[in-house]
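No value in this document is a laboratory result; all are computed from the given coordinates. It should be emphasised that the depicted structure is a prediction, and the values quoted were computed from it without experimental measurement. Here the Cβ is made from the backbone with ideal geometry for all residues, glycine too, and neighbour counts use every protein chain on show.
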């Protein structure tokens, strides 16, 4: 699978409960590092998908920065784009549409060059 975000090697060996626990960590980078690892597991543990959507919708994750200007919520969105189904991407559009305009525009600009995600996410 061609993905935007790679599974974090240090987190790959952790159990699901520990990974989900990291999603409430005070550090944006810690939260963001857990998301792709969770995403890679959603086909085997479908309930983890809800954690991705909760992270994308969490206003705190729009305030927390992963790196430079990239927000934790964006990482959650990119993880859905990487590992989700067409239905998941449609649901992600709904979540992204609730973000402030500056966050929507930033996210869409950031992912536009990856596998045509700009076409998938347009009209958000």
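Once the Cα atoms of helix 28-39 and of the chain are each reduced to a long axis, what angle between those two axes, in degrees from 0 to 90 to the nearest 10, is obtained?
With both axes taken from Cα atoms, the answer is about 90 degrees.
Quick one: helix 86-97 against the long Cα principal axis of the chain, what's the angle to the nearest 10°, folded into 0 to 90?
70 degrees
With a 10 Å Cβ neighbour count serving as the proxy for reagent exposure, in which order, fewest first, do 72, 80, 96 appear?
In increasing order of surrounding Cβ atoms, one gets 96, 80, 72.
Given the stretch 16-121, report the % of alpha carbon pairs whose separation exceeds 18 Å.
Every Cα pair in the stretch 16-121 considered, those over 18 Å come to 41 percent.
For the chain, find the longest principal axis of its Cα atoms and tell me its angle to the long axis of helix 101-111, 0 to 90°, nearest 10.
Between the helix axis and the principal axis of the chain, the angle is about 70 degrees.
Which distance in nm do the two modelled labels at residue 26 and residue 70 give, with both placed 7 Å along the Cα-to-Cβ direction?
Going from the residue 26 label point to the residue 70 one covers 2.4 nm.
Could you check the spin-label model distance between residue 93 and residue 9? Points 7 Å from the Cα along Cα→Cβ, value in nm.
3.8 nm
Counting other C-beta atoms within 10 Å, which of 62, 47 has the fewest, and how do the rest follow?
Fewest-to-most ranking of 62, 47: 47, 62.
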